[in-house]
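One structure is given below, encoded as structure tokens.
The values are calculated or read from the model by the stated rules, or taken from the named source; none is laboratory data. Computed from a prediction, not measured in an experiment: that's the story for all the values here. Don't worry about glycine lacking a Cβ; one is built from the backbone with ideal geometry, like all the others, and counts go over all protein chains shown. Please note that ligands, DNA and RNA were not included when accessible areas were found on the heavy atoms of the full protein model with its side chains. Shrake-Rupley method; radii C 1.70, N 1.55, O 1.52, S 1.80 Å.
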Amino acid sequence: MYPSRFSYDAPTSVEEAVAILDQNGGEAKVLAGGQSLIPMLKLRFASPARVVDINGIPGLEYHSIDADGTLRIGALCRHEDLEFSTILGNFPTLAQAASLVADPIVRTRGTFVGSLCHADPQGDWSATMIALGGKIIAQGPNGRREIAASDFVLGPFVNALAFNEIAVEATVPPAKGKALGGYLKLERRVGDFATASVAVALDVDGDVVTRAGCALAGVGGRTIDANDAISVLVGKTLNEESIKEAAEAVAAAAEPRTDHRGSSSYKRHIVETFVTRILSNIANSEQKAA
Amino acid sequence: MAPLDELKIGGMGASRRRVEDNRFIRGKGRYVDDIVLPGMLHVEILRSPVAHARIKSIDTSAAWEVPGVRLVMTGETMAARNLAWMPTLSYDTQAVLATDKVRFQGQEVAAVVADNPYIARDALDKIVVEYEQLPVIVNPIQAQSPDAPLIRDDKENQTSNKIFDWEIGDKEATDRAFAQADVVSKIDLHYPRSHPSPLETCGSIADYDRSSGKLTVYMTSQAPHIVRAAVAMVAELPEHMIRIISPDLGGGFGNKVPIYPGYVISILASILTERPVKWVEDKSSNLISTGFGRDVYLEGELALRKDGKILGMRMHTISDHGAFFADAQPTKFKIGLMHSAFACYDIPAAHLVSEGYYTNKAPGGVAYRCSFRVTEAMFFQERMVHAAANDLGMDQAEFRRVNLVGDDMFPYRTAFGFLTDSGQYGKCLDVGLEAIGYSTFKQEQEEARKRGKLLGIGISTMTEPLGAGNSREYDIIGIKMFDSAELRVHMTGKAILRTGAKTQGQGHETTWAQIVAHELGIPADDIVVEEGDTDTAPFGMGTYASRSTPVAGAAVAMASRKIRAKARKIAAHLLEVSEEDIEWELGRFYVRGNQERGVTIQDCALAAYSNVPDGLEPGLENTSYYDPPNLTWPFAAYFCKVEVDAQTGVWDVLNFVAVDDCGVRINPMIVEGQVMGGLTEAYAMANMQYITFDEEGNCIGANYMDYLIPTSWETPGFELHEVVTPCPHHPIGAKGVGECATVAGPAAFVNAVMNAIEHTGVRNVDMPLMPNRVYEALQTGKNISGMPPVLSD
Ligand SMILES: Cc1cc2nc3c(=O)[nH]c(=O)nc-3n(C[C@H](O)[C@H](O)[C@H](O)COP(=O)(O)OP(=O)(O)OC[C@H]3O[C@@H](n4cnc5c(N)ncnc54)[C@H](O)[C@@H]3O)c2cc1C
């Protein structure tokens, strides 16, 4: 497991890092937590001429909430920071996913934003971000731009960044009304990628759903955006009938393939089961609270 | 004088802390890859991307051009030294670097030796190999077909892919038993290919010194002396000029018994370059090319009387050995000790037929944490017993009770001719049933079912043969399977002990000292234990098949007793009485009738070097070569309770009770560690672990994202119990325990899950019981057989 030769840069500002990317015309790769890039280098699946390590750039470790309730996650915020965060009360989808990403060792290094950039069809964070309607802030030589999470993942391991852009931050808008949601993942073992997983995020006014978001990992060639499918819930309350309708619609949106983790019909069934479980859990705990 | 407290000096029964851990947890272990020799070069191996192909050409010219490359080797380089092929431990041959064909994905094709591994790896990319692909065989069923391509066309007289036919037992008596049966119960299983996957991969550093003619090889070997003999034969070097050093090993589990091409390549590379050459494989190479475990189709049946008595057993195995028959096992037994199946049950007649085949898969059916195919035998046995009890409508525990060999039946000759010698099988069963709450389980299960929950309970009971061997029956490549210990007591009563075994996590450095402490009363902390260097250790067959305590451990006790016998003479001299008047208590000789007048073992040690009686040689050292009179037979009774999620097929272990009778326990803490580790591996095999291949022979399971090793997060807790029936022929009554849990464990998990779902009519789900397979069985009520499919639709 010996990577090809590469040169290594450790810039201390985003501007400097962007300049290095820009000068190298697609031959350079950003190194964040390294939990995906380092294995790819060692397996020689990736052989960039330069590796641009952003870990030395100060001020990117944060995750914080704006006055209006917007969540901001910096490029060097680690999975573990979110797992042990005390400020994710209004983001139950993220809070539930945080302890299901990879294993405790990987979570100490791997970054939320790096995971989005990696665009693994089985990645957990991309699914939560699409369900929550989040955005990625990219910085390039000409300044910053925003990319909706739904538009960020273009395909397996392909994101919407230009070669000379760095994702500096991810943002998640606050819920209108009450934020409810959940994340369920079927894995064979801790640290395993999802056989199938489901992220659900709802905005609820009283007991009526005003916005419904959903995305799936592991059941398609890229993260599956099931926002349209779950929108059948909008304007409804959660009950057996609406939950069933939503679960069926989301399951239909999955594009699973048969492999050694299970048949396509099994994976579709898991999606349906998990949507049902997340929504039923929400309905039950809301009922108890009321 | 108060007698010594054996527990205080770290003797038998003391849960003494493992002395080796002191360096391991400080990062001070010394593994092959930690060793750096002056001028050392590094070798990287090019492996075949395809499973079966003729090699049309290999162009290495560009690799030679890479700066820092010292040598590029192909099959031709090896052939020039008559090393293109090497013998295996099963009297077959294996390609070191392919000359004619590649026969499995990952096979060694070429090697680059360079100043550092990065350069060597870069140069591998410059080697151009032209392959002409051939049809691929990925399981023994395909291998049987008359139109199957011939994998071993290199062998004269090999006209099919069959390696062997083997049988044992009494066919006619078995036929008669089946003719008398009220009920015949059948089962048909596959034990998937798994991999020992030690944390440390295989590797070697060969250092050939031309001036002295001496070859020193640091090597990850569980059996360094066998390697020395093999290297002497293969490389035609004189045995006294070969030194194999096996330093700290990061696990072995059978994976480090065979001899691998990488070792041979590093040796020839060192001879050719006259520099030390290091080879250390990566994880994927270890998983795709080195000794795997299992991969056997097992079917069979029991002839049953209505009252539950088993009258006879038939068994048929079809095993997949990969492209070269490189199983590490005793010569006489082609399918290992498969015929130990049902040894704990009183069965009058049995018959086993086995067939082995070549396939386009990696070679090396090693005894992955078991005594040579015993894992497969016991898994088949306990799945068969489970099915038979169900077929009779009998309770699982009751059916076992009816058929287990009774305490009063020892020594007991099994239908296949093994002699089991001791045990309290019924007691172990009772202890476990009580601990798991068996009597109330049925009610619990029914109530849970009303709440939509699926509970299941599984039992697995077995005795397995350990400690190969006795030399009449057990040899590897002709070398008899005894073992050895050499004990030197220094002047101050401290000692060094060396054995022919080789620890790789078992804790020999701790437990061997405890045996000496028990025999001589020398505190365990005063004894250092050394293994693995063929220039210093006495000849032994190494550590695998749970044989260390049964064989080398016995040799430790016997060497200690020889020392004690000599010390007694010295004591008599010191106490000025005749030897007959000397009595022994732990650590001390005294004059009969006058306990106050005595000398310690330390006093005797000093006298051995300073005040020896006339006619006695000075010094206090001795060696014992121990040839065990029989195998040892530990017993395990395991009980597992699970809950299956009917909507997903996910199953959770609610409770697991393990009752082990491994005879006398030298270090109870280490025994418990061994059982827990083994149960974890058993859980992995039952739940998630397998290596499979697609139709083209691509290995699925070549990395840790696909080949799953359970972590502490999902591994269930285990409740351990003990019953002690000393081994009647072992000097300290021990039976060995390293492998009981891996062997008996899988069936306990599988039987529990099956018990939870068999109301649907399903009879068997093959391992691993992944959620999707359990779910499908629940939905359809049909058996799930064979390896999970790997191709996408
Ligand atoms: C054993 C193991 C198990 C895992 N299991 C899971 C799992 O269950 N679920 C899951 O979702 N993930 C899993 N992962 C992946 C893990 O979450 C990674 O941390 C994550 O995918 C990448 O984050 P990183 O910070 O490590 O990125 P890196 O490895 O540093 O980079 C990954 C890719 O993103 C690019 N990149 C990173 N940051 C930026 C940036 N700010 N701007 C532009 N490009 C950037 C890099 O150039 C590279 O191409 C696992 C990883 C391992 C090793």
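Net charge in the neighbourhood of B:Phe693 (other residues with Cβ under 11 Å of its Cβ; Lys, Arg +1, Asp, Glu -1) is -3. Counting pairs of alpha carbon atoms under 8 Å apart in space and at least six apart in sequence, what relative contact order in percent does chain A give? Once divided by the residue count of chain A, the mean separation gives 15 percent. For the range B:566-636, GluC sites (Glu not before Pro) meeting the loop criterion (DSSP other than H, G, I, E, B) and having at most 15 other Cβ atoms within 10 Å: B:Glu576.
Looking at chain B, the accessible area is 35 square angstrom per residue; that uses a 1.4 Å probe and ignores ligands, DNA and RNA. Excluding ligands, DNA and RNA and using a 1.4 Å probe, chains B and A jointly bury around 2600 Å² of accessible surface, summed across both partners.
The Cα atoms of the range A:51-175 give a gyration tensor whose axes a ≥ b ≥ c have a/c under 1.5, which makes the shape rounded. Principal axis extents of the C-alpha atoms in the range A:178-289 (largest first, rounded to whole Å): 43, 26, 20.
So for the protein assembly as shown, Kirkwood radius off the Cα pairs, Stokes-Einstein at 10 °C and 1.306 mPa s: how many µm² s⁻¹? Walk me through the numbers on the way to the answer.
Details: Rh = 31.9 Å.
Translational D for this selection: 50 µm²/s.
Using equal-weight Cα scatterers in the Debye expression, the normalised intensity of the range B:35-115 in log10 at q = 0.13 Å⁻¹ is -0.46. Spin-label pair B:Asp346-B:Leu150: with each label point 7 Å from Cα along the Cα-Cβ axis, the two points sit 5.3 nm from one another.
Just the protein heavy atoms count here, and of the accessible area of the range B:518-677 at 1.4 Å, carbon and sulfur take up 47 percent.
Rolling a 1.4 angstrom probe over the protein heavy atoms with all chains in place gives the range A:1-124 an accessible area of 44 Å² per residue.
With the convex hull of its Cα atoms as the shape, the range B:610-676 has an orientation-averaged projected area of 9.4 nm². Taking every residue in A:256-269 and counting other chain Cβ atoms within 10 Å of its Cβ, the average works out to 5. Compactness check for chain B: Cα Rg over 2.2 N^0.38 Å is 0.99. For the range B:643-657, a decrease in accessible area of 10 Å² or greater in the assembled protein chains relative to the isolated chain, with a 1.4 Å probe, applies to B:Asp645, B:Gln647, B:Thr648, B:Val650. For peptide B:272-284, the mean count of partner chain Cβ atoms within 10 Å of a residue's Cβ comes to 1. Rg and Dmax over the alpha-carbon atoms of the range B:183-312 stand at 21.5, 76 Å. Given +1 at the Cβ of Lys and Arg, -1 at the Cβ of Asp and Glu and no other charges, the dipole of the protein assembly as shown around its Cα centre is 380 debye to the nearest 20. Normalising the average separation of contacting C-alpha pairs (under 8 angstrom, six or more residues apart) by the number of residues puts the relative contact order of chain B at 16 percent.
Tell me the relative contact order for the range A:63-172 as a rounded percent, counting alpha carbon contacts under 8 Å between residues six or more apart.
Dividing the mean separation by the residue count of the range A:63-172 yields 28 percent.
Checking the a/c ratio against 1.5 first, then a/b against b/c, what shape does the Cα gyration tensor give for the range B:422-502? It comes out prolate by the Cα gyration axes.
Please say if the range A:7-56 is rounded, prolate or oblate, where rounded means a/c under 1.5 for a ≥ b ≥ c the square roots of the C-alpha gyration tensor eigenvalues, and otherwise the choice is prolate for a/b larger than b/c and oblate otherwise? Judged from the Cα gyration tensor, the range A:7-56 comes out oblate (a/c at least 1.5, b/c at or above a/b). Shielding by partners for peptide A:2-14, expressed as the average number of C-beta atoms from other protein chains within 10 Å of each residue's C-beta, is 2.
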